[in-house]
Amino acid sequence: MVQVYRKTHSYPDPPPTPLLAFFLRYPNPFARHVLSVDVLSRTVNPSTGQIHTTRLILKRGILPKWATRWLPNAGLSGGRGLDAWILEESIVDPPEWGESGRDKDDLELEYRRQPRLRVHQGNLNHKKLMHVIEGGEIRAGPNGTTLHHTTAEVRSSFGGAWSNLIRQRIEQYGVGKFETNSETSRKGMSLILTLLRTRHPLPETAEFEFYPPPPPGFNDSWSDIPEAASRGKAKEGSPRSFFLSPGSLGAWVRSRRDNGNGNGQSGDTRNPP
């Protein structure tokens with residue numbers, strides 16, 4: 001049975017700013033599970049003015065203990081961590097998108113005078129265990145706001161006919177986890193929106209100690225935010241993002257080189273700081 005999730009967030013800005021924040025949302029301190037983001041292609045359709053973007057995102061999730069028995073290789077990602085490759089495809093529709101018809105009311109026509117973003121993404125690996133297909137739309141809302149509609153389907157093909165209960169448990173876990181991550185993602189988007197709105201510099205890291213003071217609208221100190229307070233309590237398999245500090249990538253490369261030479265004591269072979 002496929003589990004479905006639907007949610008709508010509202011941002012106080014007109015669409016151009018949330019659309020920009022969507023593409024600039026990584027890195028941020030609320031997305032420490034995002035290890036890397038690569039733009040594979042970006043093209044503009046000269047006829048329609050649409051911007052087509054394809055990105056490859058590497059994320060790490062934490063498996064529940066009951067699931068590790070079926071994925072013994074999860075330890076290779078660090079404890080109960082499991083790396084997932086996400087393919088994200090998006091289209092930005094320019095103002096005046098869609099067909100104007102007599103069946104469209106004045107309010108709908110007004111909304112269409114603003115740009116719109118449509119996005120579709122899904123994991124490329126571990127699809128048999130759990131395949132999460134996410135769709136989204138960012139478009140104009142009432143009174144100069146922007147609405148962010150999100151839908152997700154979680155399905156599992158694990159096991160045979162005897163595994164219905166296991167598949168149902170996996171799918172229920174996936175929907176619950178997606179709901180939690182959706183709220184965290186909203187915090188990250190709100191942070192980037194605030195930085196853009198107040199002309200603060202955008203982050204180059206996802207680690208709080210490398211961050212400037214919180215912008216207006218957030219807590220007085222990063223230490224007051226639960227995500228920052230828990231960063232010192234490393235969980236089993238906790239993600240080590242390339243975004244976590246300016247020197248993370250260099251440390252990771254050094255550790256891989258040292259391990260490859262079989263000389264684990266000649267350099268720092270720990271995980272990136």
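We did not get these values from a lab; they are worked out from the coordinates using the rules stated. Because the structure is a prediction, the values reported are computed rather than measured. We place every Cβ from the backbone using ideal geometry, glycine too, and count neighbours over all the protein chains shown.
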Notebook entry, point to check: Taking a spot 7 Å from the Cα of Thr145 along the direction of its beta carbon, which residues of segment 160-203 have an amide N less than 12 Å from it?
Noted result: none
Notebook entry, point to check: Order of 47-57, 87-97 by packing, highest average Cβ count within 10 Å first?
Noted result: 87-97, 47-57
Check: How much length is gained if the chain between Arg113 and Leu87 is pulled fully straight, taking 0.36 nm per residue apart and subtracting their Cα-Cα distance, in nm to one decimal?
Finding: 6.4 nm
Check: So between Ser157 and Gln172, what do we pick up on full extension, going 0.36 nm a residue minus the alpha carbon distance?
Finding: 4.0 nm
Note to self: Given R₀ = 22 Å, what would the calculated FRET efficiency be for Asp106 paired with Thr17, taking r from the Cβ atoms and rounding to 0.05?
What the structure shows: 0.35
Notebook entry, point to check: Residue separation times 0.36 nm, minus the C-alpha to C-alpha distance between Glu96 and Lys127: what's the value?
Noted result: 7.4 nm
